[in-house]
């Protein structure tokens, strides 16, 4: 950055932040935080409520903002190099022209954030607004870590993110026109309907990424690795959608009639994505969908007691309130899935007999599990890196079963 900023102390900042929090929370004595062209390098704002605060042109290099609420905040043309935004809320934040080189945004929510180019009016050091020069700032995120972040609907046009880490991110509907993503890690990223026209994806790692509705041929992709990438459902899968939906309704009738009508559904190996939200709230106990693809589906409130979903792809699924008691989920992919309030407890199957949920070797990276019932679930070798879950919901045996370094913490 090419101009001087006045330094600010942690104590002075704390007083202003407290007044801002009073405003946001509707308490007396509140005042909006507006700090422009201020040196806040290295200061600690972790967990603070900074919604709608204005930091235009500030320096926040190596600042601590983990878990902070910055929804709607203005970080226009800020120096955010090396800043820690882990788990922060940056929904609709204005990050135009900001420099995020080397910053950590793991698990942050950046839905509809704006990273595009910014034009900054810089006042003269001594003459103030009497003499103003304009500087154009490109959005920079080279080497930044966005792993597990939510970047749905972001404006990333023309941003440079060389060697940035977007693994397991949700980037649905993101606009990445002309972005430089050379050598970036996009493995497992969910890019449904993202726009990549003119983007540089040379050498990018897109292994296992979800590329439904993405015109990758409009981007530069030489040396890009797309091994195992998930593309749009085939014509055959689309043509089978209605018959599969009928099977699901038949299974729901079987459940509601106590087995008098219909039969449990068998969807092994099927691509169920064309069904959209047609399975939500259905009762599908005993469903068999081994190695099926359900990525991104709306499965809220679905009844899947005792279901066999071994090896299925459930990445990004909405499973809020789902009943998964006794389900077999060994090897399943649940990265970025929303399981808030889901029941993954044991299923009674007879006198003094309980069938636990099996999540052996399952991947739950960056999944949301707040309020989920997990008693007796088998988690041997499960990957829960970045998952949001109350660690007190796990027994000592469950914690031991999870690989070292992957015991989750509450968000």
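Scan 208, 178, 148 and give me the residue that is crowded, with 24+ Cβ neighbours inside 10 Å and either part of a loop (DSSP other than H, G, I, E, B) or without any contact (Cβ under 8 Å) to a residue 60 or more places away in the chain (or both). If you could, list the steps in order and put the result at the bottom.
Values: 208 fails: crowded, with 24+ Cβ neighbours inside 10 Å; 178 fails: crowded, with 24+ Cβ neighbours inside 10 Å.
None of the others qualify; the one that does is 148.
I'm checking my understanding of the structure. Among residues of the stretch 134-145 that are closer than 18 Å to residue 82 by Cβ and part of a loop (DSSP other than H, G, I, E, B), which one is modelled with the lowest pLDDT? Step through it out loud before you land on a result.
Keep residues of the stretch 134-145 that are closer than 18 Å to residue 82 by Cβ, which gives 137, 139-145.
Now drop any that are not part of a loop (DSSP other than H, G, I, E, B), which leaves 139, 141-144.
Values: 139: 93, 141: 98, 142: 98, 143: 98, 144: 98.
So the residue we want is 139.
Does at least one position in the stretch 219-227 carry a residue that is within 28 Å of the chain's Cα centre (by Cα), touching a residue at least 40 places away in the same chain (Cβ under 8 Å), within 28 Å of residue 311 (Cβ to Cβ) and surrounded by 14 or more Cβ atoms within 10 Å (Cβ to Cβ)? No, that holds for no residue.
Criterion first (buried (at least 18 other Cβ atoms within 10 Å of the Cβ), in contact with a strand residue (DSSP E or B) (Cβ under 8 Å, 6 or more places away or on another chain), in a loop (DSSP other than H, G, I, E, B) and at positive phi) does residue 67 satisfy it? In short, no.
Those residues that are within 16 Å of residue 303 (Cα to Cα) and touching a helix residue (DSSP H, G or I) at 6+ places or on another chain (Cβ under 7 Å), I need them from the stretch 243-261; list them, please. Lay out the reasoning, then the answer.
Narrowing the stretch 243-261 to residues within 16 Å of residue 303 (Cα to Cα): 245, 247-259.
The answer is 245, and nothing else.
Filtering the stretch 283-304 to residues that are more than 15 Å from residue 247 (Cβ to Cβ) and in a strand (DSSP E or B) leaves 293, 298, 303.
For (1) at positive phi; (2) in contact with a helix residue (DSSP H, G or I) (Cβ under 6 Å, 6 or more places away or on another chain); (3) not in a strand (DSSP E or B), each residue gets a yes or a no:
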residue	(1), (2), (3)
277	no, no, yes
281	yes, no, yes
306	yes, no, yes
311	yes, no, yes
360	no, no, yes
380	no, yes, yes
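Does the stretch 256-274 include one or more residues that are part of a helix (DSSP H, G or I) and within 26 Å of the chain's Cα centre (by Cα)? Quick ask: steps written out before the conclusion?
At the first step, the residues of the stretch 256-274 found to be part of a helix (DSSP H, G or I) are 256, 273-274.
With the extra rule that they be within 26 Å of the chain's Cα centre (by Cα), the set shrinks to 273-274.
Yes; the residues of the stretch 256-274 include at least one that is part of a helix (DSSP H, G or I) and within 26 Å of the chain's Cα centre (by Cα).
Screening residue 239 on (1) surrounded by fewer than 24 Cβ atoms within 10 Å (Cβ to Cβ); (2) touching a strand residue (DSSP E or B) at 6+ places or on another chain (Cβ under 8 Å) shows it passes everything except condition (2).
Close contacts from the stretch 231-248, counting a first residue that is more than 14 Å from residue 276 (Cα to Cα) and a second that is in a loop (DSSP other than H, G, I, E, B), with Cβ to Cβ under 7 Å and a gap of 6+ residues or different chains, come to 231/211; 231/212; 247/265.
Of the residues in the stretch 255-265, at least one is buried (at least 22 other Cβ atoms within 10 Å of the Cβ) and over 20 Å from residue 369 (Cα atoms). Would you say residue 97 is under 27 Å from residue 387 (Cα atoms), part of a loop (DSSP other than H, G, I, E, B) and out of contact with any helix residue (DSSP H, G or I) (no Cβ under 9 Å at 6 or more places or on another chain)? No. Among the residues of the stretch 4-35, those identified as surrounded by 14 or more Cβ atoms within 10 Å (Cβ to Cβ) and assigned to a loop (DSSP other than H, G, I, E, B) are 5, 8, 30, 33, 35.
The values are calculated or read from the model by the stated rules, or taken from the named source; none is laboratory data. Fair warning: this is a prediction, and the values are worked out from it, not measured in the lab. All Cβ positions, glycine included, derive from the backbone under ideal geometry; neighbour counts span all protein chains shown.
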